[in-house]
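Please read the structure below before turning to the comments.
The values are calculated or read from the model by the stated rules, or taken from the named source; none is laboratory data. None of these values were measured; they are calculated from a predicted model. No Cβ is skipped: glycine too gets one built from the backbone with ideal geometry, and neighbour counts run over all protein chains shown.
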Amino acid sequence: MKLRFFTVTILTIIFALALVGGNQQNAKQLYQSGLYKEEVEGDLQKAIELYQKILKQFPKNREIGAKALYRVGFCYEKLGKQEAQKAYQRIIREYADQREVVKDARKRLASLVSVSKDTGPVTPAVKSAGITIKKIDIDEIEKTHQARLSPDGTKMLYIHVQEKKPRQSIRVMDLTSGKSLALVEGISYGNSLIFEWSPDGKKVVYRNHKKNGLSVIDSGGGTPEVLWSSPDKNTVIFPLDWSFDNRHILAAIINQAEATVRLVTLPSNGGVLHTVVSGGLNEIEDFAGFSPNGKYIVGFKMKESNTDIYIWPVEGGKEIQVTSHPAKDQSPFWSPDGEYIVFVSDRAKTNDLWAIPMDGPNPAGTPIRIKRNLGKNAIPMDLTPGGKLALLILASGEAPPDLFVLPVDPSKGEALGQFHSFAKYPTQHFMPRWSPDGLRVAYTSRKENIQLPEIFVSSGDEKEDLKIPVGNYYVGNVEWSRDGKHLIFPGLLSRDGGVGIFRVSLESHKIEPLHLEKRSGRSLKGMFINLRWLPRAGKFIFDKFVEVNKRELYTMNKEGKNIQLVADKVTTRYWTWPSPDGRYVAYREGQNLKLLFFADNTSITLARFPEGEHIEGLAWSPDGQNVAWNDNRQLTVFSIAKRVSRILVEANKNQKISGMGWSWSPNHTWSLDGKKIAFVLQETSAGSEAQAGLWIISATGGTPKKIADAPSSHPVINDVVWHSKGKMIFVTGYSGKERIGYEHWVMENFLPEKKSKKK
């Protein structure tokens, strides 16, 4: 199964987090925590405690309060307790202004009331279905999304990564003892899952990258056998499933040059491939599974930007459309008894688990929602023969990033208050860009979802951010058109591999290409990134991946036309930082920080760093004649005209000049007149709880001055920008605990009861 959500590119490091700040946001945070306890962990009592905490601590927040009280009632329903009725009655009595919640509460009350002399005043109509969700709490497997639960649920097949060679291996872990066994050493993997268990758990099929094919190995160890290989470098194969009788393997073969995919079967002991269905990468998903009798394949595909579930006979025949709904129906699994197809859908506005009854290969009824709200960051991975559903959850830090604003006096370089959230709703943004008039900010974000990044526009008012739908486009970052009516982004069509520079209308949301190319395969090669507007040059600039460590740089005019190559010898694995006048670009080549002159394609070395030491994003002076960078200890400025550098600030032993340490976002910024630099200084002494602070120093040197502390909820700040109006400084705030990890969960007792047999 291919995980489209884990696109291999450095542009995808966007945390799926849910920041909340202030009273309104703290209430929302508690509500989200309660939902997680209720829906994912199944800890109803703890969920009730969290919901009741909202009612106690935030009595004026009527919107969240009504919702919390409704969840209290629903939790009590699941527990079979009469307090459910009291909670719903209280909503009707005390929250009359929250009409939708009151309406739902009345419906729940109507379903609960069932008066009987024998049973008492109320019998809950909705009882717990016995669904259990448990976390596989082993650190070793939380480092990878490449994991498969064994058919009997006692072992986990996963990718192990270590510092020494061979760095990557396929291992099997006994979940009871925690002991692991290395099956295959020195493997290579990307986003797509590269292995599958046989139904009896005795064998494993995996993608053998050295043979460009599939191999099989005993799950207890041994010598692998090559089943199939291809001499065509454009062909990539991934195992998807194994028939219940252990005799056939289902795989996806992708032709990267032609942007096509085939779902094929082959004998598990080797033999000839048999194509079941084929189509374009923009149509057929490389996610599919066998029916229990092995005669059919269930998968999903896209038609006219809509995904639905389909079935294809293995031996040929007409495809059968199982679902037809404008929502996203995907990730289908056939239940072990063949009576249902389980799938994920957002048709009820949440990421839910549904089941549709089947009569052989044909749908035999309407879909049933069997588990509400899996969570936006959860993906079903396997449905074992024993009825266990393995879930992958993207795990993140405690408080996700948000955009904060600090009012300043531009002439004095002093703060006129403290940092506060820019907007009511958390931005959780990546590479924010300000509109030409300075009133709106555009950015990309996943907003707690495991999905392709989406575009958002915010003006910092009380309304929720405007979401710009981008369909199947992967968006690198955004920039504004000069008239403020469009957003421009480098990206790719996630399904057919086309890459280019695109423009989307803020009014109609129509997307049109400004420049299109064909990408070679699924690697980074050929992709465009790092689109920037150069104000003094009056043009855009962007990077193109030529190789892993090589870039080409192109410019285009403000209309998105006249694309020109300006540099073809930029050797770097990192981001590039072009000057605002479009004459130079700074970049890191190995341990050297270099400056390239576009006029004659010559370069000079600005600095050399010790092995393993990083630098954060560079910041150019507004006139493009000076560039500043930091390496934790020092803030350095280089003069283009004089070709000399000077240390502007040097941190003491208990401090560091640093933010989050990311190459695309600087932790310092120049004032609009180029006379001052604002930078981040953070305490590092043992046991220190001091927050990072924003400091200002004259660009010519002198004594730095602290003007503000980082927000208390986000003690680490980064991505510092002096706003174009000069009266505000913006930063991205972090909790300092952000991390991306993977949690593996198992759900049981979720399948509907078996259909009654016809007599």
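Scanning region 133-172 for residues that are over 17 Å from residue 392 (Cα atoms), in contact with a Lys or Arg (Cβ under 8 Å, 6 or more places away or on another chain) and surrounded by 19 or more Cβ atoms within 10 Å (Cβ to Cβ) yields one hit, 172.
The requirement of being closer than 29 Å to residue 656 by Cβ and not assigned by TED's automatic domain parsing to the domain that holds residue 681 is satisfied by residue 586.
For residue 559, state whether it is free of Cβ contacts under 8 Å to residues at least 40 places away in the same chain and assigned to a strand (DSSP E or B). No, not satisfied. The sole residue among 553, 593, 531, 565 that is farther than 26 Å from residue 669 by Cα, in contact (Cβ under 8 Å) with a residue 12 or more places away in the chain and part of a strand (DSSP E or B) is 565. Scanning region 239-266 for residues that are modelled with pLDDT of 90 or more and either crowded, with 23+ Cβ neighbours inside 10 Å or among the small types (Gly, Ala, Ser) (or both) gives 239, 240, 241, 242, 243, 249, 250, 251, 252, 263, 265.
Yes or no, residue by residue, for (1) of a type outside the set (Gly, Ala, Ser); (2) part of a loop (DSSP other than H, G, I, E, B); (3) at pLDDT below 85:
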{"position": "65", "(1), (2), (3)": "no, no, no"}
{"position": "89", "(1), (2), (3)": "yes, no, no"}
{"position": "102", "(1), (2), (3)": "yes, no, no"}
{"position": "111", "(1), (2), (3)": "no, no, yes"}
{"position": "115", "(1), (2), (3)": "yes, no, yes"}
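From the residues in region 297-345 that are of a type in the set (D, E, K, R) and farther than 22 Å from residue 384 by Cα, which one is nearest to the chain's Cα centre (by Cα)? Only one residue tops the list, namely 328. Taking region 722-744, which residues are surrounded by fewer than 21 Cβ atoms within 10 Å (Cβ to Cβ) and modelled with pLDDT of 85 or more? Residues satisfying the conditions are 723, 724, 725, 726, 727, 728, 730. Residues in region 313-326 that are assigned to a loop (DSSP other than H, G, I, E, B) and surrounded by fewer than 16 Cβ atoms within 10 Å (Cβ to Cβ): 315, 316, 317, 318, 319, 324, 325, 326. Within this structure, residue 124 fails the test of being modelled with pLDDT of 85 or more, not acidic (Asp, Glu) and not in a helix (DSSP H, G or I).
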